[in-house]
Amino acid sequence: MTVNLLKRLGLNKYNVDKNSHIQVNTDICLTCKDKPCTKVCPAGTYEPSPDGRIIVHYERCLECGAALVACPYGAIKFTFPEGGISYKYG
Ligand code: SF4
């Protein structure tokens, strides 16, 4: 299946909506040592900040859902406004 080019490029389509498609409870991130969300995202959407929280670059998101699977604390709430990138795991 061909992946939509706009989606692959991560063009800034989410800032038009005042409610982002990614919500992170950054208080939980304070206790998360390895911050796996920052390692699994292929687009660099999640960035650790010096205070231990997470900065989310929403406009980079490709909707793969990897961070949802990787987060051990369920700190991320996520919707797939574009329907995801249609990868199938496993
Ligand atoms: S993996 Fe979850 S709890 Fe850990 S830093 Fe990322 S969003 Fe926060």
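Values quoted throughout were computed directly from the atomic coordinates according to the rules given, and no laboratory measurement underlies them. Keep in mind that what you see is a predicted model, and the values were worked out from it rather than measured.
Rounded to whole numbers, the Karplus 3J(HN,Hα) couplings from phi for region 35-42 are 6, x, 4, 6, 9, 8, 5, x Hz, using 6.51 cos²θ - 1.76 cosθ + 1.60 with θ = phi - 60°, and x at Gly and Pro. Listed by chain and number, the aspartates and glutamates whose alpha-carbon sits under 20 Å from that of LYS33, ignoring those within fewer than 8 places in the same chain, are GLU47, ASP51.
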